[in-house]
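Here's the structure we're looking at; comments come further down.
The values are calculated or read from the model by the stated rules, or taken from the named source; none is laboratory data. This one's a predicted model, so the numbers in the text were calculated from it and none came from an experiment. Note that we place each Cβ from the backbone using ideal geometry, even for glycine, and neighbour counts take in every protein chain shown. These accessible areas exclude ligands, DNA and RNA; they are computed on the full protein's heavy atoms, side chains included. Shrake-Rupley method; radii C 1.70, N 1.55, O 1.52, S 1.80 Å.
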Amino acid sequence: MIVSVRDCPSHEQLLRVADDATGLIGFIAIHSTARGPAAGGLRFKPYPSEKDAIADVLNLSRGMTYKNAAADLPLGGGKAVILGDPAQDKTPELLRVFGAAIESLHGRYWTAEDMGMAPADMEVLAETTAYVAGRMTGAFASGDPSPATAEGVLRAMRVALGHATGTDALAGRKVAVQGLGNVGWALAEMLHRAGAHLMVADMDPARTEKAKSRWGAGIVATDKIHAAPADVFAPCAIGGILSAQTIPDIHAKVIAGSANNQLATPAVGAQLASRGVIYAPDYVINSGGVILVSTEILQIADSASWLAEKFDAMALLLDQILTRASKTGQPTADIADQIVEERALPTAA
Ligand code: NAD
């Protein structure tokens, strides 16, 4: 294995990890350890080039600094990527080598699941590094983060509805959920239990059909779900869904979902604000998963109290952001960035 340091002034550290025997090529980016060890998942993806992989890992690790600071966690921001098709290239030998590279950082970076990685892969990484979370076994194992992410989004949805309508009640509300994957499905279930009416879209018709038979959800085409006649639009699938093209069609008063990087460009935040749509900033409200994972990294004995405290802090931060937005007319995403940068970002670009 060869670990080489790459020059990267915007981040604390960028490492390239390569191994001829297993075909491994990957990167580890540490954006900031100002708040604590850098934490963020490992993504296994067939990038077109190393340049694309570097751009992604730098962007994602910076995003983790913001997410962890927004969640008031004593963690910095980091991320790792491996180039390749997880279905073909993800071998235990390759993961063990990458785990050894993580171990060589002596805890400056903690990894967990991201795209292309499953809990079983965390167990393989754990054979060569202690700095892996999101595991299924062990004293502080936190398991699947998706239900916790959904719970945080639900909580945020109530806060945003309170601002938009004067009541945080979900009973009788119409909610359009884009994407019925790990988070979207859990969220839809919670919304149904709270008495909301569901409209759903997914690329996989089996999922929408199941939602229809289980909850009486209305099925909407994937390219129309953002425009559904709903009170709330919950993007839980892909990034970039809020764009100059989609925003004019949005009917909902509130946007609150789990997807990362929902704004196609930073500028569209102003377009949402001028239309009077309340956008709950993605990285502020989708932190439930990392809050759960933090109990494993930080070895929190009373995880229930920790989760309750951090979820309360998230709801309070969102309330502050929305209050400031209603007073100033500023886009909510800009306010979130300002507050988080004030908190602790000595290396923020
Ligand atoms: P997932 O892969 O389990 O689910 C995504 C779902 O979206 C799939 O069912 C897929 O078929 C569907 N989908 C894809 N493109 C679509 C489209 N154009 N229209 C409608 N449906 C589409 O992913 P997940 O873990 O549920 O995560 C969902 C989003 O939330 C992602 O953006 C992810 O980065 C983000 N997120 C997840 C977590 C977590 O705890 N899993 C935490 C933070 C953020």
Legend entry - Residue-averaged 222 nm ellipticity for the chain, from DSSP H runs of 4+ at -39500 (n - 2.57), nearest 500: -13000 deg cm²/dmol
Inset, instruction - Collect residues whose amide H, placed 1.01 Å from N in the peptide plane, falls under 5 Å from the amide H of Gly218; neighbours closer than 5 in sequence don't count. - result: Leu198, Met199, Val200
Inset, instruction - Mind putting a number on the dipole of segment 146-342 about its Cα centre? Charges go on the C-beta only, +1 for Lys and Arg and -1 for Asp and Glu, and I need it in Debye to the nearest 20. - result: 720
Legend entry - Probe 1.4 Å, accessible area per residue of segment 146-342, Å²: 41
Legend entry - the chain - percent of accessible surface contributed by carbon and sulfur, probe 1.4 Å: 53
Inset, instruction - For the chain, just list the percent of Cα-Cα distances falling in each 10 Å bin from zero outward, please. - result: 6, 25, 33, 25, 10, 1, 0
Legend entry - Percent of beta bridges antiparallel (DSSP, the chain, rounded to nearest 5): 40
Inset, instruction - Mind giving me the nanometre distance, one decimal, between the label points for Glu341 and Ala270, set 7 Å out from Cα along Cα→Cβ? - result: 1.5
Legend entry - log10 of Debye I(q)/I(0), alpha-carbon scatterers only, for segment 1-94 at 0.13, 0.21, 0.22 Å⁻¹: -0.43, -0.97, -1.03
Inset, instruction - Please identify, among Thr33, Thr246, Thr111, the residue showing maximal mean-square fluctuation in a Gaussian network model of the chain using a 10 angstrom Cα cutoff. - result: Thr246
Inset, instruction - Go ahead and set up a Gaussian network model of the chain, Cα springs under 10 Å, then flag whichever of Val254, Val268, Val57 fluctuates most. - result: Val268
Inset, instruction - For Asp114, list long-range residues whose amide hydrogen, built 1.01 Å from N in the peptide plane, is under 5 Å from its own amide hydrogen. - result: Leu42
Inset, instruction - Enumerate the helices in the chain for which the Kyte-Doolittle hydropathy averages -1.0 or more and the C-alpha atoms extend at least 20 Å along the helix's axis, using complete DSSP H runs. - result: 50-70, 146-165, 303-328
Legend entry - Tensor-based shape of segment 146-342 (alpha-carbon gyration tensor, a/c under 1.5 rounded, otherwise prolate or oblate): oblate
Legend entry - Within a Gaussian network of the chain (alpha carbon springs, distance under 10 Å), most fluctuating of Gly152, Gly143, Gly40: Gly143
Legend entry - Lys/Arg +1, Asp/Glu -1 at C-beta; the chain dipole; positive extreme among Leu60, Ala244, Ala100: Ala244
Legend entry - Size of electric dipole in the chain: Cβ of Lys, Arg +1 and of Asp, Glu -1, about Cα centre, debye, nearest 20: 940
